[in-house]
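Taking it in order: structure first as structure tokens, then the write-up.
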Amino acid sequence: MPVTLTVNGHRIVAPAGVSLFALAEQAGVRVPTSCVTQGKCKECVVEITRGMGLLSPPTDSEAHLDLRGSPFRLSCQCRIASEDGEVDCHTMRRGHMRIERKALHLPVTHETTPLDPAVARDGDRIVDTITGEEIAQSSGPVHGLAIDLGTTTVVVRLVDLESGELVADTSFENPQRFGGSDVMSRIHYDTEHPGRLLMRTVAGYLSHAITDLPVDPVTIYDVVLVGNSTMRDLFFRQSVYSIGQNPYRSITEIELAKGKRTTTALTTTGRRSLLPIHPNARVFGLPIISGHVGADAAACMLAVNLAHEDRLVAIMDIGTNTELLVGNRDRILAASCPAGPAFEGGAITCGMPGLDGAIEDVAIDDDGTFRVGVIGGGPPEGLCGSGLVDLLSELLRTGRMNAMGRFEDGLEQVIVDSSRNIFFLERDVNELAQAKGANVAGLQVVFSDYGIQFDDVAVFYLAGGFGRHLKKGASKRIGLIPNIADEKIVQVGNAALEGATIALVSRTRRRELEALVSRVEHRRLETHPGFFDFFVDGCQFRPADSGSRVTG
Ligand code: FES
């Protein structure tokens, strides 16, 4: 019986000797490629989740994948090498990942921003309105792109720059995952593998996404890109080595401090970006705040209108690296909290990302029955971040776990779904406690340095995909977010993408952001004298109030 291959959920008979690339095409799955399966573009990477031993040995073209123990292969290079068995794999574009494309409940949006783009039409000329330079001669439409280049996901918006209207949007998983799932491993990978492989891979995927948009790509004359400092700098072909070394600064910050540049913003052209847009297009990376508070956080400041905000507000984007901003138009403090991947399902025994099959809601009935809500409605496969927050909150509420994270009666595990063998260990609780401790310590340091209490903010914005799906009550019960009135907590979704879109339609707002970023005071948590005490307190599962001791 020949091998059966399942690629992106499509099953196909897989004869020995045929490449995974060819089989995927037969199954109707489009695998990204720019080199026509020559092993050069590295875009055709797939993740093998079953049957790695049934495949041909790695070729020289796959040396970059560090294959010992790695689940990744180039689909054009690896062939079925067995007459029997099952191989499961998926491309980096699974399409089921819950990717946050929208922003909501923001005080300003690109629709409410007066249209004033950096690229505009002047008769039959398309001109850079900042320098006055001609970009192209054309009487056709003028389009721009806003791109949120995240470590895990990438979201693209296409905007008509003459009307300001959103024309289309698209998203995909960041294909750089073969270089590691977090920022630090990508920095390590980029340093170890010269040749801009990470940049070229994401540019290849972006090119496919742009080509699929419903307009001629050469009518795209302006791009605003945001992302954390590492993702942004990799895209703009900057060395990211220094972001991974104490004191964790982007090369742009170092050059700014030496007077070699006037801003941490980056610019390039369509041609150099490797994107299929107009070769003279402007490609602009918004400025960063620090090595670990990036252009995505800066873009959030635009989206919440911080340059014009009189009230005290806070913005928190919870993730592997939680970014935090507190202040108003007069003074802003920022910090990044090294929370690690636990709240994204990483390092948790039955954890998983927010994909179909992830438990996102948990409730425990009076009789001890667990009721779960699953993304996509199918059978549960694991717990994603919002499910983990719910689970911790319910275990606390029902007394099955104490504030120190210990299970009742000395139990070492809690069974969430016995039929699917989904369980939760005290060891998992410890991982989440430490992630939470880092977040709370960041909050305490920034608020105490500002001289304010949690309750002093008028609005506490929860940005990003994780924050969007959290339940306020559960998050407050375990102390993941400050213990303040629900009305003050506003879940805004992808505020970074909205900020990028605002910068795309308005050069005035872009300029304002440059000025604002230069005034942000960055706090380094690891050198703060109060950090350790705040961290230890923050590891407890209690509501978090301002001060050095959490209160129950
Ligand atoms: S298709 Fe280009 S490396 Fe496989």
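Structure above, values below:
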{"quantity": "Value at 222 nm in deg cm²/dmol, rounded to 500, when DSSP H runs of n ≥ 4 in the chain each add -39,500 (n - 2.57)", "calculated": "-7500 deg cm²/dmol"}
{"quantity": "Alpha-carbon centroid distance for the pair region 231-256 / region 128-202, whole angstrom", "calculated": "18"}
{"quantity": "Solvent-free Debye scattering, log10 I(q)/I(0), computed from the Cα coordinates of region 55-155 at q = 0.13, 0.15, 0.19 Å⁻¹", "calculated": "-0.79, -0.85, -1.05"}
{"quantity": "Dipole magnitude of the chain, debye to nearest 20 (Cβ charges: Lys/Arg +1, Asp/Glu -1, about Cα centre)", "calculated": "1060"}
{"quantity": "10 Å binning of all Cα-Cα separations within region 401-552, expressed as whole percents from 0 upward", "calculated": "10, 30, 33, 19, 7, 2, 0"}
{"quantity": "Exposure ranking of H308, H292 by accessible area [1.4 Å probe, largest first]", "calculated": "H308, H292"}
{"quantity": "Sequence of S518, S336, S448 from largest to smallest accessible area, 1.4 Å probe", "calculated": "S518, S448, S336"}
{"quantity": "Kirkwood hydrodynamic radius (C-alpha pairs) into Stokes-Einstein, region 483-552, 20 °C and 1.002 mPa s, D in µm²/s", "calculated": "136"}
{"quantity": "Aspartates and glutamates with Cα under 17 Å of K436, excluding same-chain neighbours fewer than 8 positions away", "calculated": "D317, E323, E344, D390, E394, E426, D428, E526, D533, D537, D545"}
{"quantity": "Solvent-accessible area of L54 with every protein chain in place, 1.4 Å probe, in Å² to the nearest 10", "calculated": "40"}
{"quantity": "By accessible area with a 1.4 Å probe, ligands and nucleic acids excluded, highest first: order of E526, E253", "calculated": "E526, E253"}
{"quantity": "Distance violations [Cα-Cα > 25 Å] among K42/K102; K102/K472; K102/K471; K40/K260", "calculated": "K42/K102; K40/K260"}
{"quantity": "Ellipsoid equivalent to region 255-412 - semi-axes via the Cα gyration tensor, in Å", "calculated": "41, 22, 15"}
{"quantity": "Dipole axis of the chain (+1 Lys, Arg; -1 Asp, Glu on Cβ), positive-most option in A24, T349, L391", "calculated": "A24"}
{"quantity": "Exposure of I135 as accessible area (Å², to 10), given a probe of 1.4 Å and all protein chains", "calculated": "10"}
{"quantity": "Rg followed by Dmax, in Å, when region 107-251 is reduced to its Cα trace", "calculated": "17.1, 51"}
{"quantity": "Fraction of the pair-distance distribution of region 220-313 above 23 Å, Cα-Cα pairs, percent", "calculated": "30"}
{"quantity": "With DNA, RNA and ligands ignored, accessible area of S418 (1.4 Å probe; Å², nearest 10)", "calculated": "100"}
{"quantity": "Signed unit charges on C-beta, dipole axis of the chain, positive-most listed residue L55, A118, A299", "calculated": "A118"}
{"quantity": "Alpha-carbon gyration tensor eigenvalues x 5, square-rooted, for the chain, Å", "calculated": "36, 34, 20"}
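The values are calculated or read from the model by the stated rules, or taken from the named source; none is laboratory data. Since we're looking at a predicted model, the values are computed, not measured. Heads up, the Cβs are rebuilt from the backbone with ideal geometry, glycines too, and the neighbour counts pull from every protein chain shown. Ligands, DNA and RNA are stripped out before the accessible areas are found, and what is left, the full protein with its side chains, is counted by its heavy atoms. Shrake-Rupley method; radii C 1.70, N 1.55, O 1.52, S 1.80 Å.
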